[in-house]
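One structure is given here, and the rest of the page talks about it.
The values are calculated or read from the model by the stated rules, or taken from the named source; none is laboratory data. Every value quoted in this text rests on a predicted model; they were computed, and no experiment measured them. FYI the Cβ positions are ideal-geometry reconstructions off the backbone, even for glycines, and counts take in every protein chain you see. Heads up: the accessible areas ignore ligands, DNA and RNA and are worked out on the full protein's heavy atoms, side chains in. Shrake-Rupley method; radii C 1.70, N 1.55, O 1.52, S 1.80 Å.
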Amino acid sequence: MAMNEYIARVSEKLRRQYPNEPEYLQSVSAWLEMIAPAVDDPRYEKLDLLTRMVEPERMFSFLVPWQDDEGTIHTNHGYRVQFSSAIGPYKGGLRFHPSVTPSVVKFLGFEQTYKNALTGLPIGGAAGGADFDPRGRSSREIMRFCQAFMYSLYRYIGADTDVPAGDIGVGAREIGYLYGAYKRVTGRAESSALTGKGLTYGGSKVRQEAAGFGTVYFLARMLEHQGETLEGKRIAISGFGNMSWGVCKKAAELGGKVVTLSGPDGYIFDGDGVDTPEKLDFMLQMRASGLDRVSSYAQKFGVEFHPGKKPWEVPVDIVIPCATQNEIGVEDAVLILANGVRYYVEAANMPATAEALKLLRLSPKVLTAGAKAAGSGGVAVSALEMAQNAIRYSWSRQEVDEKLRTIMSSIYDASAAAAEEYGLGYDLIAGNDIAAFKKISQAMIAQGL
Ligand code: GLU
């Protein structure tokens with residue numbers, strides 16, 4: 001009882017302090033609800049651990065002035081939240097998207113901390129980015145923006161301090177420019193100051209595929225638990241970027257069929273599956289075009305395009321949201337349940353609203369997994385990239401892929417075991433949050449104030 005009061009107090013304080021940060025509050029309150037059964041040690045309150053876990057250790061913002069190809073000056077806002085260093089250097093992605101706000105980076109940094117904790121690798125949590133819209137920008141403009149961003153950020157990051165990587169709008173090209181700028185201003189070829197680097201300058205094999213591959217490896221364990229495989233299963237996904245591409249590729253390899261992709265313009269339905277090398281390469285081209293629309297896939301391959309619609313109306317066996325936060329509302333969750341979907345696996349961070357997630361999680365008809373578990377493949381291979389940089393060595397594709405599979409499997413095991421231990425049945429979302437909470441709180445207690 002006293003513990004529940006402590007949770008309520010922490011939650012109330014946060015609400016009062018950050019009334020204008022809805023994504024951050026949403027992500028923290030969902031987590032507090034999940035871990036409540038495990039807040040069972042009086043030291044948590046004595047050390048005020050919960051407050052220290054839900055608020056970032058440090059956060060800063062900076063202006064990013066840059067010049068477009070016409071010579072016009074634009075001024076964007078950049079952010080970095082260094083959320084937790086409890087188990088290693090701050091680690092997390094950078095997002096370049098007009099929707100980026102302090103609330104969004106704080107929610108991402110919070111989720112990243114608990115996502116990173118169970119990879120088994122010593123990394124803390126962070127996130128950052130800018131409200132910059134890369135849509136329609138030339139490569140030169142992107143380069144200038146990345147340089148301007150790095151000039152403001154470089155003094156706060158480093159291999160043992162904070163290691164940024166990609167997220168929405170930041171892929172291999174942007175990491176290349178960011179790393180080039182970092183090297184120039186610091187004068188050091190400090191490989192693991194950034195991850196997601198290209199293969200010719202310290203990047204890891206399988207990093208590009210890792211986010212999507214990891215999700216499918218996690219899903220494979222859920223299927224196995226039900227005595228099933230991916231063979232012949234139909235999957236609806238959202239997005240068409242890096243995460244979606246990796247999911248399509250690995251699902252195809254394991255005999256599943258991804259039948260939808262989506263963008264801000266609507267979704268495509270490809271009943272044959274997005275599974276040939278030509279289709280997979282076309283996804284990369286669509287992304288590289290910078291147009292941020294998926295309709296060109298329908299034109300190219302002669303499949304259906306549904307403008308302005310979301311892919312959740314398609315009846316499938318498995319749903320994997322791969323795009324962005326809050327893309328699944330209550331009405332989408334109702335559709336997903338009505339369509340008889342049996343697996344709901346989050347690849348993107350916080351893809352469902354609180355109410356939508358509750359509907360899905362509490363339904364006995366669908367098995368659910370959260371992004372802090374199923375979405376951690378990308379950062380797991382980022383940590384493997386840091387390990388390879390540290391030993392100045394490069395593992396083979398097979399070695400990295402096998403390590404990724406093992407990591408995803410152990411996250412699954414830890415989540416299932418924690419749910420079991422707290423009498424929560426097969427609640428992988430609560431199990432994952434509890435296991436990560438236990439690990440981080442132990443590290444914090446051990447290190448004192
Ligand atoms: N933003 C990605 C994620 O959520 C990458 C983070 C990283 O590699 O540091 O996993």
Only one of VAL259, VAL216 is open to solvent by less than 20 Å² (accessible area, probe 1.4 Å), under 24 Å from the mean Cα position of the chain (by Cα) and closer than 25 Å to GLU331 by Cα; which? VAL259
Looking only at the range 354-368, decide whether some residue is in contact (Cβ under 8 Å) with a residue 12 or more places away in the chain and within 16 Å of the ligand (Cβ to nearest atom). no
Filter the range 385-403 down to residues that are open to solvent by 10 Å² or more (accessible area, probe 1.4 Å), of a type in the set (A, V, I, L, M) and touching a residue at least 12 places away in the same chain (Cβ under 8 Å), then give me how many there are. 3
Working carefully through the options ALA347, ALA323, find the one that is under 28 Å from LEU94 (Cα atoms), open to solvent by less than 30 Å² (accessible area, probe 1.4 Å), part of a loop (DSSP other than H, G, I, E, B) and in contact with a Ser or Thr (Cβ under 6 Å, 6 or more places away or on another chain). ALA347
Scanning the range 333-344 for residues that are in contact with a helix residue (DSSP H, G or I) (Cβ under 8 Å, 6 or more places away or on another chain) and either open to solvent by less than 10 Å² (accessible area, probe 1.4 Å) or within 16 Å of the ligand (Cβ to nearest atom) (or both), the one farthest from ALA127 (Cα to Cα) turns out to be ILE336
Candidates PRO134, PRO98, PRO122, filtered to the one that is away from the ligand (no atom under 12 Å from the Cβ), open to solvent by 20 Å² or more (accessible area, probe 1.4 Å) and in contact with a His (Cβ under 9 Å, 6 or more places away or on another chain): PRO134
For residues in the range 102-145 being touching a residue at least 60 places away in the same chain (Cβ under 8 Å) and hydroxyl-bearing (Ser, Thr, Tyr), which is farthest from LEU50 (Cα to Cα)? SER138
Got a number for residues in the range 268-320 being among the β-branched types (Val, Ile, Thr) and open to solvent by 30 Å² or more (accessible area, probe 1.4 Å)? 2
Let me confirm something: among GLU141, GLU174, GLU190, which residue is over 13 Å from TRP66 (Cβ atoms), of a type outside the set (Gly, Ala, Ser) and more than 14 Å from the ligand (Cβ to nearest atom)? GLU190
All but one of (1) within 14 Å of the ligand (Cβ to nearest atom); (2) open to solvent by 50 Å² or more (accessible area, probe 1.4 Å) hold for ASP160; which doesn't? (1)
Just to be sure before I move on: is GLY180 within 13 Å of the ligand (Cβ to nearest atom), open to solvent by 20 Å² or more (accessible area, probe 1.4 Å) and more than 20 Å from SER396 (Cβ to Cβ) in the structure I sent? no
Have a look at LEU449, LEU404 and point out the one that is modelled with pLDDT under 95 and aliphatic (A, V, I, L, M). LEU449
Which residues, counting only those in the range 369-382, are near the ligand (Cβ under 10 Å from one of its atoms) and either open to solvent by less than 10 Å² (accessible area, probe 1.4 Å) or part of a loop (DSSP other than H, G, I, E, B) (or both)? ALA371, GLY375, SER376, GLY377, GLY378, ALA380, VAL381, SER382
Do the conditions hold for GLY212, that is, is it touching a Cys at 6+ places or on another chain (Cβ under 8 Å) and under 23 Å from ALA369 (Cα atoms)? yes
